[in-house]
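A short worksheet on the structure shown next.
FYI, it's all coordinate maths here, none of it is from the lab. Because the structure is a prediction, the values reported are computed rather than measured. Virtual Cβ from ideal backbone geometry, glycine too; neighbours counted across all protein chains shown.
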Amino acid sequence: MADKHRVVGVGVGLLALLYLAVWFRLDGRVDALGEEITRLQGELAWMNQIPGFDPSHTQASGLSSLTGYVEETAREYGLVEAISRIEPEGNTRVSLRLQDAPFGRVLDWIHLSTGEQNLMISRLTVARQDADGQVHIELTLERADR
């Protein structure tokens, strides 16, 4: 009977340690997100002091929105460092070049872009690189509702 109590005690102790490890990790992330929010609020306050700054234009439709969307989502997918050129073409098209980009992430990013923003690929060139999974890509995205 003492062995059963010992096993249960060890099990409860391990569960408690696991819970604490997860809790401390999540608590650290919450703190980091709070610091990020504070930093971004400071940047917004600074931008609002700039004469002529109009925050309503940051999400405007058309060219700036498409280029901004490409940059923002590339950042989310860890591809912004791979972008060597981004060039708007008119109001509904953007061309970009990615160098030494992880192919899997590029595919995920393209899938998101073509589905979420109703974009289509009008030009795509992919060149495999020596490093496993790395590619050079030239790509033109445009609004599918043209």
Q. Debye sum, Cα scatterers, region 1-47, no solvent: what log₁₀ I/I(0) at q = 0.19, 0.20, 0.22, 0.26 1/Å?
A. -0.69, -0.72, -0.77, -0.86
Q. Percent of alpha carbon pairs in the chain separated by more than 19 Å?
A. 67 percent
Q. Can you tell which of Val22, Met120, Trp109 lies farthest toward the positive end of the dipole of the chain, using +1 and -1 charges on the Cβ of basic and acidic side chains (Lys, Arg; Asp, Glu)?
A. Val22
Q: Set the Förster distance to 35 Å, then compute FRET efficiency between Glu81 and Leu15 from the Cβ-Cβ distance, nearest 0.05.
A: 0.30
Q: Round to the nearest 10 and give me the degree value, 0 to 90, for the angle of helix 2-48's Cα axis relative to the longest principal axis of the chain.
A: 30 degrees
Q.
If each DSSP helix of 4+ residues adds -39,500 (n - 2.57) and the sum is divided by the residues in the chain, what number results at 222 nm, nearest 500 deg cm²/dmol?
A. -18000 deg cm²/dmol
Q. To the nearest 10 degrees, how steeply does helix 103-116 sit against the main Cα axis of the chain, on a 0 to 90 scale?
A. 70 degrees
**Q.** Most mobile listed residue (Thr125, Thr114, Thr38) in the chain, GNM with C-alpha springs under 10 Å
**A.** Thr38
Q) Using a Gaussian network for the chain with springs between C-alpha atoms less than 10 Å apart, which of these wobbles most: Ala16, Ala127, Ala32? A) Ala16
Q: Report relative contact order for the chain in percent, whole number only (criteria: Cα-Cα under 8 Å, sequence separation at least 6).
A: 16 percent
**Q.** Environment charge at Arg97 (Cβ cut-off 10 Å; Lys +1, Arg +1, Asp -1, Glu -1)
**A.** -1
Q: With just the Cα atoms of region 60-146, tell me how far they stretch along each of the three principal axes, in Å, largest first.
A: 39, 22, 21
